[in-house]
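Since every read-out is calculated from the coordinates, none of them should be taken as a lab result. Source: prediction; values computed, not measured. FYI the Cβ positions are ideal-geometry reconstructions off the backbone, even for glycines, and counts take in every protein chain you see.
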Amino acid sequence: MKKLFVLLLLLACNEKKTETALLPEAFNLKYKSTPHAILLDVRTDAEVKEGTIAGSQNIIYDDAFANKLGGLSADIPIFVFCAAGKRSAKAAEILKEKGFKEVYQLKGGLNAWKDAKMPM
């Protein structure tokens, strides 16, 4: 019984994480090298109008966020961002709970993206 417990504990510790926070350069490189990936902006419409990352689609993070994911396939990698990283971290957690296999979050959000002089 003790051996079984240790084996299960080892398997749990080695479980692949499905959510990864990446700095802007790594986020951009990983997104561009991942075929068919979805770039998801979870900011408000007003924020998106001020500028976004080219190729992104917008699903506003709010209390109904989880219900808005029906059109997305859980098998396709998702790259999610917001302004500073708080909403995208919450959105990434919901995506994981909904069974999305690969979720990448832009660490520091669009603010960090702009600070790194990444293309809009």
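Structural remarks
- Within segment 88-107, the set of residues being over 17 Å from residue 71 (Cβ atoms) and under 10 Å from the mean Cα position of the chain (by Cα) comprises 88, 89, 90, 92, 93, 96, 102, 104, 105, 106, 107.
- Residue 116 in contact with a strand residue (DSSP E or B) (Cβ under 8 Å, 6 or more places away or on another chain) and under 21 Å from residue 23 (Cα atoms): no
- Contact annotation: residue pairs with Cβ atoms under 7 Å, 6 or more positions apart or on different chains, pairing a residue in segment 22-48 that is free of Cβ contacts under 8 Å to residues at least 12 places away in the same chain with a partner that is surrounded by 16 or more Cβ atoms within 10 Å (Cβ to Cβ), are 48/41.
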